[in-house]
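Trainee: What follows is a structure written as structure tokens; I'll ask about it next.
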Amino acid sequence: MNLLFDSNGRHIANLVNGQLHSPYGSNVGHFLSSYNIFIDMHGRYLGEIIYNDRLVYNINSPYLSKN
């Protein structure tokens with residue numbers, strides 16, 4: 001299990017076997033290793049990891065409009 005944090009260092013998610021979970025345990029999405037991004041359960045862009053443990057939403061990501 002990898003703990004993921006926002007840009008302010010607050011714990012916002014857990015990564016377990018490619019699945020993204022809220023800190024409270026619910027599954028909110030998964031990791032697409034081929035694109036190095038996270039998507040929600042409907043295929044929408046959630047964010048990407050920087051600095052090994054920061055989950056950020058990149059407003060310039062080419063995947064924002066993809067579904």
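The values are calculated or read from the model by the stated rules, or taken from the named source; none is laboratory data. Just so it is clear, the model here is predicted, and its values are computed rather than measured. Glycine gets a Cβ as well: all are built from the backbone with ideal geometry, and neighbour counts include every protein chain shown. When the accessible area is computed, the model is the full protein with side chains, heavy atoms only, and any ligands, DNA or RNA have been set aside. Shrake-Rupley method; radii C 1.70, N 1.55, O 1.52, S 1.80 Å.
Trainee: L3 label point, 7 Å along Cα→Cβ, cut-off 16 Å on backbone N: hits in the stretch 11-40?
Mentor: Of the residues in the stretch 11-40, 11-16, 21-25 have backbone N under 16 Å from the label point off L3.
Trainee: Can you compute the FRET efficiency between V56 and Y24 using 1/(1 + (r/R0)^6), with r the Cβ-Cβ distance and R0 = 30 Å? Round to the nearest 0.05. Intermediate results must be reported in sequence, preceding the final value.
Mentor: Details: r = 21 Å, r/R0 = 0.69.
Calculated value: 0.90.
Trainee: Can you give me the distance in nm between label points at V16 and L64, each placed 7 Å from the Cα along the Cα-to-Cβ direction?
Mentor: Going by the 7 Å Cα→Cβ label model, 3.2 nm.
Trainee: Ok, one more. Rounded to the nearest 20 debye, what is the charge dipole size of the chain about its Cα centre when +1 sits on each Lys and Arg Cβ and -1 on each Asp and Glu Cβ?
Mentor: Working: 4 positive and 4 negative charges, 17 e Å.
Rounded to the nearest 20 debye, it is 80 debye.
Trainee: Right, next: Quick check for you: with a 1.4 Å probe and neighbouring chains kept, what is the accessible area per residue of the chain, in Å²?
Mentor: Working: 4630 Å² over 67 residues.
With the other protein chains kept in place, the chain gives 69 Å² per residue.
Trainee: If you roll a 1.4 angstrom probe over the protein chains with everything in place, what fraction of the accessible area of the chain belongs to carbon and sulfur, to the nearest %? Write out the running numbers ahead of the final one.
Mentor: Values: 2320 of 4630 Å².
Heavy-atom surface of the chain belonging to carbon and sulfur, 1.4 Å probe: 50 percent.
Trainee: Considering the chain, what Rg and Dmax in Å follow from its alpha-carbon atoms?
Mentor: 11.0, 30
Trainee: Sticking with this structure for a sec: What does the accessible area of H30 come to, in Å² to the nearest 10, when a probe of 1.4 Å is used?
Mentor: 60 Å²
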